[in-house]
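Report on the structure given below.
The values are calculated or read from the model by the stated rules, or taken from the named source; none is laboratory data. Small disclaimer: the values here were computed from a predicted structure and weren't measured. Methodologically, a virtual Cβ is constructed for each residue, glycine included, from the backbone with ideal geometry; neighbour enumeration extends over all protein chains shown. Ligands, DNA and RNA are stripped out before the accessible areas are found, and what is left, the full protein with its side chains, is counted by its heavy atoms. Shrake-Rupley method; radii C 1.70, N 1.55, O 1.52, S 1.80 Å.
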Amino acid sequence: MLHVGVDLHKQTSQIAVLSEDGELTQHRVANDIQRLEQFFTQLPPATPVAIEASGTWWWLVDLLERLGHHAILSHPKQTKAIAAARLKNDRVDAHRLVLLLRGDLLPQVWIPPAPLREARELLRHRMQLVWLRGEIRNRLVALLDRRNLHPTTAKSWFTKRGQRELQQLPLAETPSRVREDCAALLPLLDAQIRRLDAELVAHWGRDARVQRLTTIPGIGPFIAILLVLELGDIQRFANAKRVASYIGLTPRIRASADRIRTGHISKEGNRLLRWALVLAATQAVRRPGPLRAWYHAVKKRRGRNVARVALARRLAEIVYHVWKHECDYFTVLRRGDRAGVSSPGDMGLSTAALIGQPPSRG
């Protein structure tokens, strides 16, 4: 069987083809759809093709799948760790990919189906607009703070009263121009965000997975949609700890001989999911119930920041069980589903505290 490795760039692709008897040939092809289609059409059907994951792989994977080949995405960081080379160029990178593919040593990245990729892009576009709106608001507030100007009729400049007061402030030419620009941009961003929210809820709000996830304290419709789109297929995770690791909420571990040290969370993986679950944890502690009691027990021992991140990991594991077993949060509590969930000893807590019973004082 032939194996192919592709070092993909914006304008060209370096393609290494390894024959069944070990003969290697290298090809440099412009990223023209017709030329690449002609090249890959010559290969046998279902040829495995390794591509290093980057920001531009979508179109090539779609092309390969349309031609009946097996596209495989490699994890860039892990691939480099396995097969680092002193000499690095396009030919070496393509050769490295095809050799790892042939030896079944290539660290792989899951390829979401095309409709899910499109939905993710819409969701991430919405998040970028929210972050842009926040940045504009922060700049406007900083501009006013530098002039010792604070709202007197409201708690914030962005309430209706605060907006009226802001428009009546006597400002010099430069801050006045900034105020006018912000006043024009913010309503536009608000309208775009509302439109995207309505579109996402209309398409995904009735999804059974989304409805089950919203039974978890701290997780509303938007975060539930985000979890469904970003996690994609829960079956690709063997257990709840794998989900937490994918999100980057598991601690770094350094072991030598009989000594094992755990450090801060790895922060590797999906940053958007990590942000969403920390936000959900912040919301969950405001509602009475098992998670709030668990959070305060951890907070007493380890502090607020550690407790919040620990609760975010706990939520990630609950998400796994709710999704995997197709049940709601309360069913998970009643069943006591503990498979794959972080052990109580990780935080010095009893199992009773983890499932919602207050820790004993004995």
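Restricting segment 8-63 to residues that are open to solvent by less than 20 Å² (accessible area, probe 1.4 Å) and out of contact with any strand residue (DSSP E or B) (no Cβ under 7 Å at 6 or more places or on another chain), the residue that is farthest from Pro113 (Cα to Cα) is Phe40. Screening Val201, Val141 for residues that are under 30 Å from Arg334 (Cα atoms) and open to solvent by 30 Å² or more (accessible area, probe 1.4 Å) leaves exactly one candidate, Val201. In segment 139-228, counting only helices (runs of 4 or more DSSP H) that sit wholly within it, the ones holding 1 or more residues that are in contact with a Ser or Thr (Cβ under 8 Å, 6 or more places away or on another chain) and free of Cβ contacts under 8 Å to residues at least 60 places away in the same chain span 160-168.
Within this structure, Asp21 fails the test of being modelled with pLDDT under 95 and closer than 13 Å to Val98 by Cβ. Residues considered: Leu333, Leu315. Of these, the only one that is under 23 Å from Val228 (Cα atoms), open to solvent by less than 30 Å² (accessible area, probe 1.4 Å) and modelled with pLDDT of 50 or more is Leu315.
All told, Ala284 meets the bar of being open to solvent by less than 70 Å² (accessible area, probe 1.4 Å), aliphatic (A, V, I, L, M) and in contact with a Pro (Cβ under 6 Å, 6 or more places away or on another chain). Restricted to segment 215-270, and to residues that are within 25 Å of Pro115 (Cα to Cα) and among the polar types (S, T, N, Q), which residue is modelled with the lowest pLDDT? Checking each candidate, the answer is Asn270.
Results for (1) open to solvent by less than 70 Å² (accessible area, probe 1.4 Å); (2) not hydroxyl-bearing (Ser, Thr, Tyr), shown as yes or no for each residue.
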| position | (1), (2) |
| --- | --- |
| Thr159 | yes, no |
| Glu165 | yes, yes |
| Leu171 | yes, yes |
| Asp181 | no, yes |
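List the residue pairs whose Cβ atoms are under 6 Å apart, where the first residue sits in segment 95-123 and is under 30 Å from Leu226 (Cβ atoms), the second is basic (Lys, Arg) and exposed (fewer than 15 other Cβ atoms within 10 Å of the Cβ), and the two are 6 or more positions apart or on different chains. Sorted first by the residue in segment 95-123, then by its partner, the pairs are Trp110/Arg236. Can you confirm whether segment 110-132 contains a residue that is small (Gly, Ala, Ser), exposed (fewer than 15 other Cβ atoms within 10 Å of the Cβ) and closer than 16 Å to Val4 by Cβ? Looking through segment 110-132, none of the residues is small (Gly, Ala, Ser), exposed (fewer than 15 other Cβ atoms within 10 Å of the Cβ) and closer than 16 Å to Val4 by Cβ.
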